[in-house]
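Input: a single structure, listed below in structure tokens.
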Amino acid sequence: MPTPAPHPHAAYDRFLERWQRGGARWLRFGQIAFYVVAGALTVAITAILIASLIDLGQPRVWGTFTQQGCEQRPRGGCRPFGSWISDDGTIVQRHVYLNGWTDGTGRTRAAFQPTALLGDDVVNVPVLTGAAPVLMSILLVWWVAVAVRKAAAWGDIALPRTRWLGGAPRRQGVLGIRGSFRRQYRRSLERSQATADDATPAGPTAP
């Protein structure tokens with residue numbers, strides 16, 4: 001019995017399968033790395049939020065901040081720093097940072113918390129006093145939503161199909177396209193064969 005001839009595209013199919021398996025492994029490695037970083041960042045934000053809530057009960061001393069300079073930030077802009085003196089003159093801080101802004105003279109009223117867990121070298125303008133828990137809460141909610149949306153898009157958790165959360169993932173290939181390369185290649189061959197068959201002229205009919 002003669003051995004059937006191998007499929008002309010068998011070697012290419014095997015190459016695509018190996019390539020897809022390798023791509024899938026690297027993709028999964030990147031997803032796991034994201035989960036590790038996301039978990040560590042969530043814990044860090046939560047810890048800062050708890051500390052900021054504790055600081056709300058710490059004593060607050062009011063005084064006057066005088067700007068002496070502005071420290072450049074890595075992402076642009078600068079952070080004012082200078083000296084701070086309490087209203088009664090008993091507490092003097094020679095180098096503190098200001099959360100907020102000063103007036104045209106470089107001075108502003110600000111509050112200092114000597115026993116704060118966060119920012120014992122920071123003074124706050126009145127409008128930002130006690131704002132840290134609110135800001136950290138917003139940041140935590142936003143970051144958790146980002147992580148959950150990623151997990152839903154990767155199919156690791158099931159969520160209702162919504163535009164905001166990402167919903168149930170669609171079946172996609174390794175590189176984020178519909179279907180696998182092998183399936184697309186097969187379909188292109190089928191379309192080419194069908195086109196060739198349609199274009200083949202019919203032979204003469206027998207009388």
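The values are calculated or read from the model by the stated rules, or taken from the named source; none is laboratory data. Owing to the predicted nature of the structure, the values given are computational and were not obtained by experimental measurement. Neighbour counts run over all protein chains shown; Cβ positions are idealised from the backbone, glycine included. Note: areas computed on protein heavy atoms with side chains; ligands, DNA, RNA excluded. Shrake-Rupley method; radii C 1.70, N 1.55, O 1.52, S 1.80 Å.
Quick notes on this one:
- Gyration tensor verdict on region 42-130 (Cα atoms; rounded if a/c is under 1.5, prolate if a/b is larger than b/c, oblate otherwise): oblate
- The residues of region 13-77 expose, per residue, 68 Å² of accessible area to a 1.4 Å probe.
- Of the residues G57, A24, S137, the one whose Cα sits farthest towards the positive end of the charge dipole of region 4-158 is A24 (charges of +1 on Lys and Arg Cβ, -1 on Asp and Glu Cβ, taken about the Cα centre).
- Descending by average beta-carbon neighbour count within 10 Å, the peptides 83-93, 122-132 line up as 122-132, 83-93, the highest first.
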